[in-house]
Amino acid sequence: MSHSTPALTEADRLMTVCNSCRYCEGLCAVFPAMELKRSFSDGDLNHLANLCHNCGACYHDCQFTPPHEFAVNVPGTLAQVRTESYAHYAWPKAARPLFARHGTALAIGMTLITALFILGFVALNEPGALLTAHLDDTRFYAMMPHEAMIALFGAAFLWMLLAVFMGARAFWRDAGTPQVGATDHAQATRDAAQLRYLDGGGMGCFNEDEQPTDRRRLWHHFTFYGFLLCFAATSLATVYHYVFGWHAPYAWHSGPALLGIAGGIGLVIGPIGLLSAKRSRMQELGASGFRGMEVGFILRLRVTGGSGLALRVLGETPLLGPLLALHLGAVLTFFLSMPYGKFVHGLYRYLALSRHARDMRRHHGSI
């Protein structure tokens, strides 16, 4: 079967070899899913690639890895297929080159957006207000009116939802639009929440020293749940504002503040750990040409969490204006870049896990 990219062609070759061996079938979801097929379309291979969590266990267990003539490198090849799939399914198509230039685009975009917020704060107020401590109850809106903030970030959020939905729909259709039930979604949710397949078959992820650990799993948990806590804080603050009429800033002991602080800590600790883990990973296990996308995504999460924490601690000082501009710039850049970077891997992986749960349920039910 012909494929659209060299990485997909190589993945097809490896799946043929692995289907003949099946030594690694107990390590993760990729190999049981592979065994259900005898030939692989592009959609099948993208599905398998997004099931792979890149723990590296199969690379170390395989007897055919380089320098063997079969040159089997499943995690490295699937990592390449996986990262290329993000660009392949992106909407609109004109935005696809952003994946390869993600790091540069983020740096330029965040610098410009933060600078525009600073200029806007100065234009809306007297220049000295930018470095003035605002201690009244509406100090967050002394820099930028609430209505303008909602209009700007609401539009960016809706665009992000549309672009992410269109990409996910294309991925789902390419996988054959399987009929997934509630039990399949429940299983996928449990697997995603626990990062079930990021354990190397029980031993942990493999690094450059070939010693398995679970630290990558820990850093992913800090980052993922930190993001969810920040989202919960924003959602609760929205309820406070529009349902109860309680306006920001909120007290330290309030629900939005506690959730936001916990989430911010997660978004600082997790990305630091992920960057450290990335430096110690074997180069053979990663994709080429997308390092800027991965590092840029991690750094953006760290800046978002760190600036939010700094705003909470220093929000009653003359640093309110610059910190607010940095934080809003980070959040707006995050919304605009979410469909065109590593963020989509979480959604595609969940969809792949849902299809896998459906396939396994049907397979075991037919035996």
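The values are calculated or read from the model by the stated rules, or taken from the named source; none is laboratory data. On a predicted model such as this, the values are computed, not experimentally measured, just so you know. When we count neighbours, we look across all protein chains shown, and the Cβ atoms used for this are built from the backbone with ideal geometry, even at glycine. In case anyone asks, the SASA skips ligands and DNA or RNA and just uses the protein heavy atoms, side chains included. Shrake-Rupley method; radii C 1.70, N 1.55, O 1.52, S 1.80 Å.
With the simple spin-label model, which puts each label point 7 Å out from Cα in the Cβ direction, the Phe165 to Asn19 separation comes to 3.7 nm. Note on Leu124 and Arg281: the model spin-label points, each 7 Å out from Cα along the C-beta direction, lie 3.9 nm apart. Among the DSSP helices (H) of the chain, those spanning at least 27 angstrom by Cα along their long axis with an average Kyte-Doolittle hydropathy of 1.6 or more are 102-124; this is a geometric and hydropathy rule only.
Computing FRET efficiency as 1/(1 + (r/R0)^6) for Ser2 and Trp252, where r is the C-beta to C-beta distance and R0 is 56 Å, gives about 0.40.
Taking every DSSP helix (H) stretch of at least 4 residues in the chain, weighting each as -39,500 (n - 2.57) and dividing the sum by the residue count yields a mean residue ellipticity at 222 nm of -21500 deg cm²/dmol. Using C-alpha pairs under 8 Å with a sequence gap of at least 6, the mean separation divided by the residue count of segment 279-367 gives a relative contact order of 30 percent. Distance from the Cα centre of segment 172-202 to that of segment 296-367, in angstrom? That distance is 19 Å. Counting only protein chain heavy atoms and rolling a 1.4 Å probe, the accessible areas of Ser20, Ser354 rank, largest first, as Ser20, Ser354. Short-range pairs are left out: with C-alpha atoms under 8 Å and at least six residues apart, the relative contact order of the chain is 27 percent.
Here the Gaussian network model covers the chain, with springs between Cα atoms less than 10 Å apart; of Phe70, Phe171, Phe121, Phe70 fluctuates the most. Packing, as the average of other Cβ atoms within 10 Å across residues, places the peptides 81-87, 107-113 in the order 81-87, 107-113, highest first.
Taking the Cβ of Ala87 as the center, what net charge do the other residues with Cβ under 15 Å away carry, scoring Lys and Arg +1 and Asp and Glu -1? All intermediate terms of the calculation are to be shown ahead of the outcome.
On the way: positive: Arg82, Lys93, Arg96, Arg101, Arg291, Lys342; negative: Asp42, Glu84, Asp174, Glu294.
Once positives and negatives cancel, what remains is +2.
What FRET efficiency do you get for Leu319 and Ser39 if R0 is 51 Å and r is their Cβ-Cβ distance, rounded to the nearest 0.05? About 0.25, to the nearest 0.05.
Stretching the chain fully between Ala107 and Ala151 yields a gain of 13.4 nm (0.36 nm per residue, less the alpha carbon separation). Here each label is just a point 7 Å from Cα along the line to Cβ, and for Met360 and Ala310 those points are 4.3 nm apart.
So, with a 1.4 angstrom probe, what is the percent of accessible area on the chain that is carbon and sulfur? Can you show the working numbers first?
Numbers: 11180 of 17360 Å².
Roughly 64 percent, rounded to a whole number.
Rounded, prolate or oblate: which one fits segment 1-86, using the alpha carbon gyration tensor with axes a ≥ b ≥ c (rounded when a/c is under 1.5, else prolate when a/b beats b/c, else oblate)? Before the final figure, lay out the partial values.
On the way: a/c = 1.34, a/b = 1.29, b/c = 1.04.
Rounded shape, in that the Cα axes give a/c under 1.5.
Given +1 at the Cβ of Lys and Arg, -1 at the Cβ of Asp and Glu and no other charges, the dipole of the chain around its Cα centre is 380 debye to the nearest 20. Note: the chain, Cα convex hull, 146 Å³ per residue.
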